[in-house]
Amino acid sequence: MEAHRIATLIIIAASLLIVVLIYPAAPDQIPTHWNIGGEPDAWSDKAFGLAIIPAILLATALIFGAMLRYLGSGDTKTRRATGWFIVLILALLFAVQIFQSLTILGSAIDPAFFFPVLFALFYLGISIILPRIMKRNKMMGIRTPWTMRSDEVWVRTHQRSANIFRIAAGLTLFGVFYPDHIFLFVLAPAIIALLWCVLVSYIEYKNLREMP
């Protein structure tokens, strides 16, 4: 079995184990959503509240796993990179579950520190994985009208995506120092990085067409 599939199963098993372990100690009402300031603003009974994130995690694994099987690239390296991208998404959800569990247990974990660091690591993971998606496919990657027309543009765009997502990770970390603007520091760098990748794909396509 491929390593990314093993990692997926481990995350799912760990998510379910957390529910089993924390259920007896959880109060009847637990937080299920936090506002942009990191404060709980939605609550539910503990059965639903503890099950919702593992359910989303499991559904995400099944849906993306099916997409990888039927829509993923035939290139082995690209399929593996896509598989690790799925693991990265599942790890993000699992981290949110850990934050919820620690909150339920009364641990003093600061959301203004936790979430910027979490998303910075997420963007850093993207910067590592994207350059490894070397072949055009119907599922994953920087899919613009220009990357989908040219293998060369696809490869160049994905190679150049690494640095911009590393910068996005660094900018996201500044959210630690501006707790009232966490949402801005988490979302804005990702939007800028994506727009930059779209622009790069257009420039690379234009340059390629102008070459003799």
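The values are calculated or read from the model by the stated rules, or taken from the named source; none is laboratory data. Treat the numbers as computed from the prediction; the structure is a model and nothing was measured. Here the Cβ is made from the backbone with ideal geometry for all residues, glycine too, and neighbour counts use every protein chain on show.
Does residue 164 satisfy the criteria of being among the aliphatic types (A, V, I, L, M), touching a residue at least 12 places away in the same chain (Cβ under 8 Å), assigned to a helix (DSSP H, G or I) and touching a Cys at 6+ places or on another chain (Cβ under 8 Å)?
yes
Please verify whether residue 130 is surrounded by fewer than 17 Cβ atoms within 10 Å (Cβ to Cβ) and outside the structural domain of residue 75 (by TED's automatic domain parsing), treating the condition exactly as stated.
In short, no.
Say we look at the stretch 135-172 and pick out the residues that are crowded, with 18+ Cβ neighbours inside 10 Å and among the aliphatic types (A, V, I, L, M); which of these is modelled with the lowest pLDDT?
My answer is 139.
For residue 119, are the conditions met, namely being in the same structural domain as residue 23 (by TED's automatic domain parsing) and in contact with a Phe, Trp or Tyr (Cβ under 9 Å, 6 or more places away or on another chain)?
Spelling it out, it is not the case that residue 119 is in the same structural domain as residue 23 (by TED's automatic domain parsing) and in contact with a Phe, Trp or Tyr (Cβ under 9 Å, 6 or more places away or on another chain).
Residue by residue through the stretch 22-57, note down the ones that are modelled with pLDDT of 90 or more and surrounded by fewer than 17 Cβ atoms within 10 Å (Cβ to Cβ).
55, 56
Regarding residue 198, is this residue part of a helix (DSSP H, G or I), under 20 Å from residue 85 (Cα atoms) and not hydroxyl-bearing (Ser, Thr, Tyr)?
yes
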